[in-house]
Amino acid sequence: MPGRHSRKSTGALNIRLMSKHGEAQMQKLKINFIISVLATGAIVMGTLHAGAAEKRVTVGNKNFTEQYVVGQLMKQLLEDRGFKVDLRSDLTSMALRAGMESGDIDICADYTGTGWMIHLKREFKPGIDHNQLYERVKKEDEKNHFVWLSPMWNNNTYALASWPEFAEQYNLSTLSDLARLYQKRAKDIQTFVNFEFSTRPDGFPALEKFYDFKVDKRTLRTGMPGASLIALKERQTDVAMVFGTDASITKYGWHVYVDGRSFFPPYDLTPCVREEVLKKYPEIADILDGLVHTFPGGGKPATPGMVAKSQKVWQALNARVDIEKMEPSQVANDYLVEHGLVK
């Protein structure tokens, strides 16, 4: 009897031990399952988070002051909006376009005149205004899968300038006003232009014909690039050739004659984005249009007055780099903070 009782007790004990072992195994499986689910969730969330953080684009800019500034403006603004931005700087106009065409560069700010005559190889005819040229470039470049956003209307093109007292003395505002003065007093007006501009068929000779005036050869001087700026600075000439956003214009307060009849090709700074990139990140259009809208007339059709105001803004920005010797990155950041685009 004791033996049977012992066997029954041992059997019951084994059953209880097996039961507990099974429960332990089940508990272990449950724990492993929960750990697996949590790990999978962490991986998924991590992947989603990494994907959200990896909005990456490449911005390119050319190799002069204005381009350094606009490159930094776009870079810093896009970074503030969550993009990782690679900046490729110091590029020639052709290298920048080649980078856009190859897909190595996603975004740049180019000029309408450059787009029309250099990239699209179209002939410019005097009389096409800022709005017309922009629309033509935008439409033509769609075929190459580039999207031109709204322009900044700063027109960094050839221009003629004088000290303000000269313009005030003769009540001059536009090139038409200056042309009438030349018609009356050509022998009295000292004029200095770039040598290339004085000879090229779409340069000064064409300007004279278009505005119906003639500069007396005895009062016309020519020189290397920059010589006309020095001559005007030292008051050795009454009228000098400049570029629309030269820093010296702001530094010395020169009067730039408005090209009201659109002889000079407009060179309006405009953000340009590869179509593929804009489809992937459509928010880029609104982000960069927000930048454009901080400049005079941004997002609206151009007028001569609007262009002149935008030129002054860019003259001041360029002057902070060229004259005040600030870094383009700091100039850009100050501008973005001032206009409430970044904190």
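Quick note: the coordinates plus some simple rules give every number you see, no bench work behind them. Keep in mind that what you see is a predicted model, and the values were worked out from it rather than measured. All Cβ positions, even for glycine, are placed from backbone atoms using ideal geometry, and neighbour counts span all protein chains on display.
Distance from the alpha carbon centroid of the stretch 144-221 to that of the stretch 251-305 works out to 22 angstrom. Of the three principal axes defined by the Cα atoms of the stretch 266-321, the extents in descending order read 35, 28, 19 Å.
Once C-alpha pairs closer than 8 Å and six or more residues apart are averaged by separation and normalised to the residue number of the stretch 158-256, the relative contact order reads 44 percent.
Restricting the stretch 61-97 to chymotrypsin sites (Phe, Trp or Tyr not before Pro) that sit in a DSSP loop and have at most 11 other Cβ atoms within 10 Å of their own Cβ leaves nothing.
Pairs with C-alpha atoms separated by more than 20 Å, drawn from the list Lys251/Lys312; Lys121/Lys143; Lys138/Lys312; Lys233/Lys309; Lys143/Lys279, are Lys138/Lys312; Lys233/Lys309. Once backbone amide H atoms are built at 1.01 Å from N, Asp238 has Gln190, Thr191 as its partners under 5 Å, excluding neighbours fewer than 5 places away on the same chain. The orientation-averaged projected area of the convex hull spanned by the Cα atoms of the stretch 158-256 comes to 5.6 nm².
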